[in-house]
1. Chymotrypsin sites (Phe, Trp or Tyr not before Pro), restricted to segment B:135-181: which are DSSP loop and have at most 11 other Cβ atoms within 10 Å?
2. Determine the shielding of peptide B:39-50 by partner chains: average, over its residues, the number of Cβ atoms on other chains within 10 angstrom of each Cβ.
3. List the residues of segment B:122-143 whose backbone N lies under 18 Å from a point placed 7 Å from the Cα of A:ARG287 along the Cα-to-Cβ direction.
4. Looking at chain A as a GNM with Cα springs under 10 Å, which of A:TRP17, A:TRP269, A:TRP191 has the largest mean-square fluctuation?
5. With each label point set 7 Å from Cα along the Cα-Cβ vector, what nm distance links A:ILE53 and B:THR168?
6. Provide a whole-number value for the mean count of partner chain Cβ atoms within 10 Å of the Cβ atoms in peptide A:278-284.
7. In a GNM of chain B with a 10 Å cut-off on Cα contacts, which of B:PRO143, B:PRO97, B:PRO68 has the highest mean-square fluctuation?
8. I need the shape label for segment A:58-293. Rule: rounded when a/c is under 1.5, else prolate if a/b > b/c, else oblate, with a, b, c from the alpha carbon gyration tensor.
Amino acid sequence: MAPGAERRLLLPGSIGWSRRAKDRLATVVIGSAFGLAMVPLISLLYEVAKRGIPGLSVEFFTESARGVINGGGAAHAIVGTLVITGVAALISVPIGIMAAIYLTEYGSGKLRRALTFFVDVMTGIPSIVAGLFAYALFEIFFGPGIRLGVMGSVALSVLMIPIVIRSAEEVLKIVPNHLREAAYALGTPKWRTITRIVLPTAFAGLVTGVMLATARIIGETAPLLVTTGVIDSMNSNPFDGRMQNLAVYAYNEYRSPGVMKQASYDRAWAAALTLIAIVMILNLAARLVYRRYKTEIR
Amino acid sequence: MAAEVDITTNAGQLLAAASGGRRRVGDRVFSNLATAAGVTILALLAGVAIFLFVKGLPAVTASASELPGGKSFIDYAAPLAFGTVLAAAFAALVAVPLAVAAALFITHVAPPRIALTLGYLVDLLAAIPSIVYGLWGIFVLGPATVPAMKWLEENLGFIPFFEGPASTTGRAMFVAGLVLAVMILPIVSAVAREVFAQTPRKLQEGAQALGATRWEMIRMTVLPFGKSSVISGAMLGLGRALGETMAVTIILSVSGVVTFNLISQANPSTIAANIALDFPESSGIAINLLIATGLVLFAITLVTNLAARAIISRQNIE
């Protein structure tokens, strides 16, 4: 609605001053509440940039912290973040999209209703609980104290799957029915209709959803703290022992700084800045993909 | 709508069936795969509950002397549950009015041209990783809040919440709650925004035609229309705050007390923060104990979220 529309509709003389004052006051209160809500965002982005930049260096991106006291880089954490998140996406995307196909194309009756309901429940699982679940699951097979990169991926999948389902469901729902009907009328089997007509039509939306879901889990700390552990050296094999990642790296540099406290803090902020940059890039890229490749649906 | 889908689905299946058996195999495989994915998810969720239960049970049934700290499970978990609820409730109390006002600003006050951008800015708050909120809370917000907490102690010290002595480092429940509030603000605001934007035009224009000012229009149409959605959005935010880990882990200086005092240096911990702090160095029954508290947290957030969903679906039926 046009902002001035209602004001123009009213005759100026018809409102008492107290009503007008109340209207003014409400507008000011609402506006300043919005401004207040923006203060943390601005402060946070500013502080992360200011405190993160000193810690950024070539070393930060190329070296691990192995055998280095009070120094080293975060290359192992960056690699770990990519591997753990990548494996989580490999688990979550097929399951999530197939489940969304089930919900929009096949599902009926009790199973469908149960799935819709429990996906909602799953969105609310606290991230640390997802981590505990992954630990409890792997402990049964590998014994107590187990730490693996893939455990982190499983924990993150618990958080990622419901996000993928929700977004995929949204875009599959808006694929118009007449496309499906046209395919059926030509005698195309249902599964071919889905793989050749429905999924390609929804493709940009599906990719966007997956990217946003990845952005949501890539900064997770708590579930990885209890599953992938802490390590100083490079490990890119998710099935072989502890694996570092950026969020846990930042936490650790803050929590147990070495003798040179400030250098540690600098690295924590640099890791935070790197994480925010990754998340923002994923978010922007997701929006660009959608705008550039979305199918015009008429 | 649903009936329409059914008819076309059946027609498709009929046609497919009529045109030979091999296609039916493809159909069957694909539909089984889709169903299997759905069942996997249900199994996964059941797995979460079952594994936590199985691993947590030994700690629940153990006697106090077997557990670290010599406290029974209930005595161990109760202060943590208290801290969890206190931090989340304070966060929701701060976040909900702000989020509602921010949503109103975007849908009904700001020029429509920039409304989309403003909405995107609020959503940006949800994209920031929790570890970054934690660092910001301890290094920036905490120190900045110290004078405010001192003021609260001096002027409102008679209220139990602000009893003091005020923290001088900013590592207090007050700061942790504020950070949680910022984190859940985008969630509550997104729900509120959506419902405010859906307020029927008829009602809004009707109010204006009767001579209502903008605020009167908002108060008489938009707010009543959105009320139950806002309540459920608030509970979704509360659920998120209950399970939020890192910000609290980093900010609070924990001492296991049970107090409503928000600004002092001695704080109750929360379930999630306690797990994050203790899990890496724990072994044996201590692990079971932490998992059992995780199960309690799971139960608390589950109840909160289910209540939120129930409110939403009741609204939809009406």
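Every number here is computed from the coordinates shown, using simple stated rules; none is lab data. The model shown is predicted, which means the values in this text are computed figures rather than measured ones. Heads up, the Cβs are rebuilt from the backbone with ideal geometry, glycines too, and the neighbour counts pull from every protein chain shown.
1. Details: sites: B:TRP136, B:PHE139, B:TRP151, B:PHE158, B:PHE161, B:PHE162, B:PHE174; in loops: B:PHE158.
Within segment B:135-181, the qualifying chymotrypsin sites (Phe, Trp or Tyr not before Pro) (loop, at most 11 other Cβ atoms within 10 Å) are B:PHE158.
2. Values: counts 5, 4, 14, 8, 0, 9, 10, 1, 4, 11, 3, 3.
Going residue by residue through B:39-50 and averaging, the value is 6.
3. B:122-129
4. With Cα springs under 10 Å in chain A, the top fluctuation among A:TRP17, A:TRP269, A:TRP191 is at A:TRP17.
5. Between A:ILE53 and B:THR168, the simple spin-label model gives 3.4 nm.
6. Numbers: counts 1, 5, 3, 0, 1, 4, 0.
For peptide A:278-284, the averaged partner shielding equals 2.
7. B:PRO68
8. Values: a/c = 2.90, a/b = 1.96, b/c = 1.48.
Note, shape of segment A:58-293 comes out prolate.
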